[in-house]
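Worksheet: one structure, shown below.
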Amino acid sequence: MSEARSTDHPGVVKAWLAFTRPKTWIIAAAPVAAALGLAWGEAGVFHPLTAFFTLTIAVLMQAVSNMQNDLGYAERKAERGNRRGLPRATTMGWISLPTARIAVRAGAVLALLNTAVLIWLGGWVFALIGLASLAAAYCYMGGPKPVAYTPFGELMVLVFFGLTAVCGTYYLQTASVSANAVLLGAALGAIASGVLAVNNFRDIEHDASIDRRTLAVVLGRSRFLIVFALLMALPYAALITIAATTPALWPTLAALASLPKALAVVKALPRREHEALNEVMFACVKLEGLYALLFAAGAAVAGFIGV
């Protein structure tokens with residue numbers, strides 16, 4: 001689908017939905033939900049107010065990241081007719097660049113205010129996490145050398161939308177970080193990285209044409225497909241490790257029920273092309289939500305059994 005500037009405005013609501021992309025917020029909410037379940041399952045603790053502000057900061061960071069990504073592409077004039085992705089609101093002319101910049105800054109301010117609450121609840125370590133997360137959201141597509149133009153995008157997603165989100169949520173609830181929290185963070189970070197991987201695989205020709213050296217461009221199709229398969233396998237290896245090393249958490253094996261969907265995504269990636277890969281990308285988003293929900297439910301059951 002060409003992203004030439006559109007003369008047909010979809011309306012204010014649809015324009016802002018395209019700009020903020022709420023469907024991807026699952027990537028932010030999933031690790032928080034799973035970590036809350038793990039905190040209850042391992043330590044028997046759940047603090048509702050802390051959980052609320054943890055969830056809101058995660059969603060805010062995802063929204064800011066989405067908006068900055070949209071804005072960054074327009075500012076760099078990086079769109080070409082061979083891009084196959086979803087329409088970007090600023091490139092299509094649905095939202096002006098000044099308005100987009102204001103929205104990004106407003107989102108950043110809200111994130112900082114939310115971070116202030118987390119600092120009050122969990123200590124100054126969350127000032128570093130909040131600032132690092134905002135910097136990552138900006139640096140992905142902003143600045144002179146955006147991460148989006150390097151092979152490190154998937155790694156950044158794994159770190160911030162996996163390890164940081166899970167371990168930070170767990171720490172706020174328990175004042176500690178367990179080995180299982182790290183494993184869970186790696187698991188959910190791998191699926192979130194898979195979402196970006198599908199996006200980059202879909203746009204491999206476009207990215208190469210603008211000298212955007214994503215991991216897909218650097219590795220090439222065949223090797224990148226192997227990396228993607230490994231990303232989809234990691235969550236289940238982590239799940240089995242958690243259950244094996246902490247037998248009391250055996251109910252979390254309920255997340256294995258999501259394995260068929262992971263296999264379906266792995267099979268679909270090389271068989272689809274162009275716009276059809278958008279469906280694969282959102283299937284990956286749904287996979288993360290399902291995995292997290294099943295894990296959280298299993299961990300909650302483990303917590304109640306252990307009470």
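Laid out as a table, the results:
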{"item": "Lone qualifier among A100, A106 - being on the phi < 0 side of the Ramachandran plot, of a type outside the set (S, T, Y), without any contact (Cβ under 8 Å) to a residue 60 or more places away in the chain and assigned to a helix (DSSP H, G or I)", "result": "A106"}
{"item": "Failed condition for I27, given (1) at pLDDT below 90; (2) under 18 Å from A132 (Cβ atoms)", "result": "(1)"}
{"item": "Evaluation of K145 against (1) in a helix (DSSP H, G or I); (2) surrounded by fewer than 19 Cβ atoms within 10 Å (Cβ to Cβ); (3) free of Cβ contacts under 8 Å to residues at least 24 places away in the same chain (one fails), failing number", "result": "(1)"}
{"item": "Test for G306: is it closer than 26 Å to F46 by Cβ, surrounded by fewer than 17 Cβ atoms within 10 Å (Cβ to Cβ) and in contact (Cβ under 8 Å) with a residue 60 or more places away in the chain", "result": "yes"}
{"item": "Filtered residues of segment 30-49 (kept if surrounded by 19 or more Cβ atoms within 10 Å (Cβ to Cβ) and either farther than 21 Å from A243 by Cβ or touching a His at 6+ places or on another chain (Cβ under 6 Å) (or both))", "result": "V32"}
{"item": "Close pairs (7 angstrom Cβ cut-off, 6 or more residues apart or separate chains): farther than 16 Å from V157 by Cα in segment 207-230, polar (S, T, N, Q) and modelled with pLDDT under 95 anywhere", "result": "D207/N200; D207/T214; S209/N82; R213/T150"}
{"item": "Flag if L188 is under 15 Å from A299 (Cβ atoms), crowded, with 24+ Cβ neighbours inside 10 Å and touching an Asp or Glu at 6+ places or on another chain (Cβ under 8 Å)", "result": "yes"}
{"item": "Single residue of V117, V177, V166 found to be within 19 Å of A296 (Cβ to Cβ) and over 16 Å from the mean Cα position of the chain (by Cα)", "result": "V177"}
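The values are calculated or read from the model by the stated rules, or taken from the named source; none is laboratory data. What you see is a predicted model; the values in this text were computed from it and never measured. Quick reminder, even Gly has a Cβ in these numbers, built from the backbone with ideal geometry, and neighbours come from all protein chains shown.
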